[in-house]
1. Within region 1-20, restricting attention to residues that are open to solvent by 20 Å² or more (accessible area, probe 1.4 Å) and within 27 Å of residue 122 (Cβ to Cβ), which residue is modelled with the lowest pLDDT?
2. Only one of 38, 26 is of a type in the set (S, T, N, Q), touching a Phe, Trp or Tyr at 6+ places or on another chain (Cβ under 9 Å) and either open to solvent by less than 70 Å² (accessible area, probe 1.4 Å) or under 14 Å from residue 97 (Cβ atoms) (or both). Can you tell me which?
3. Return only the number of the condition from (1) in a loop (DSSP other than H, G, I, E, B); (2) open to solvent by less than 40 Å² (accessible area, probe 1.4 Å); (3) of a type outside the set (Phe, Trp, Tyr); (4) within 25 Å of residue 1 (Cα to Cα) that residue 49 does not satisfy.
4. Quick one: which of 142, 89, 121 is exposed (fewer than 14 other Cβ atoms within 10 Å of the Cβ), in contact (Cβ under 8 Å) with a residue 24 or more places away in the chain and on the phi < 0 side of the Ramachandran plot?
5. Can you tell me which condition residue 79 does not meet? The list is (1) in contact with a helix residue (DSSP H, G or I) (Cβ under 9 Å, 6 or more places away or on another chain); (2) assigned to a strand (DSSP E or B), and all the others hold.
6. Look at residue 115 and say whether it is among the β-branched types (Val, Ile, Thr), at pLDDT 95 or above, farther than 19 Å from residue 26 by Cα and assigned to a strand (DSSP E or B).
7. Run down 94, 140, 128 and say which single residue is within 20 Å of residue 37 (Cβ to Cβ) and touching an Asp or Glu at 6+ places or on another chain (Cβ under 9 Å).
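The values are calculated or read from the model by the stated rules, or taken from the named source; none is laboratory data. If you're wondering where the values come from, they're calculated on a predicted model, not measured in any experiment. Don't worry about glycine lacking a Cβ; one is built from the backbone with ideal geometry, like all the others, and counts go over all protein chains shown. These area figures cover heavy atoms from the full protein model, side chains too; ligands, DNA and RNA do not enter into them. Shrake-Rupley method; radii C 1.70, N 1.55, O 1.52, S 1.80 Å.
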Amino acid sequence: MFTIKKTSIFPASRHAVFLKLQELKTLQYIAAPYATFTPVDVTNAFIWAPGSATSYHFKLFGIIPYGTHTIRIEKFDEADGVSSRESNKHVPVWNHDILLEVIDDAHTRYTDVVTIDAGWKTIFIYVWARCFYSHRQRKWKKMLSS
């Protein structure tokens with residue numbers, strides 16, 4: 001089991017960041033091109049609420065099928081952050097916490113904390129995930145700056 005922790009300062013209020021977290025298009029934008037998420041059930045495509053679970057066809061780099069990725073939301077709150085327990089057949093444990101800390105009215109400290117366990121594949125998934133979360137936070141900054 002490995003844990004990744006990545007923090008950035010975003011040029012937006014915590015409220016603005018939290019609103020963007022609620023949109024599927026945000027996930028799709030910040031993940032590309034490292035990963036794509038296509039809803040399995042478009043009627044239940046993106047419900048972020050404690051107790052909810054949604055599933056996505058997951059592709060590495062947008063072309064390599066990597067199974068169905070399920071996201072179970074444990075916590076989804078602007079003040080307390082986001083906590084999800086995620087998995088797919090290749091990575092049975094992908095626990096993701098997002099912390100949103102107010103710096104001032106125009107800046108938020110955003111932290112991803114991700115714990116991964118994929119058996120013998122964990123080290124390879126960890127290396128990919130470190131790059132992925134650095135990429136995600138760069139894309140977040142770009143999106144929030146425009």
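1. 1
2. On the way: 38 fails: either open to solvent by less than 70 Å² (accessible area, probe 1.4 Å) or under 14 Å from residue 97 (Cβ atoms) (or both).
Just one listed residue meets the conditions, 26.
3. For residue 49, the exception is condition (4).
4. Numbers: 142 fails: in contact (Cβ under 8 Å) with a residue 24 or more places away in the chain; 89 fails: in contact (Cβ under 8 Å) with a residue 24 or more places away in the chain.
Exactly one of 142, 89, 121 is exposed (fewer than 14 other Cβ atoms within 10 Å of the Cβ), in contact (Cβ under 8 Å) with a residue 24 or more places away in the chain and on the phi < 0 side of the Ramachandran plot, namely 121.
5. (2)
6. On the way: among the β-branched types (Val, Ile, Thr): yes; at pLDDT 95 or above: yes; farther than 19 Å from residue 26 by Cα: yes; assigned to a strand (DSSP E or B): yes.
Judged against the criteria, residue 115 is a match.
7. Values: 140 fails: touching an Asp or Glu at 6+ places or on another chain (Cβ under 9 Å); 128 fails: touching an Asp or Glu at 6+ places or on another chain (Cβ under 9 Å).
Exactly one of 94, 140, 128 is within 20 Å of residue 37 (Cβ to Cβ) and touching an Asp or Glu at 6+ places or on another chain (Cβ under 9 Å), namely 94.
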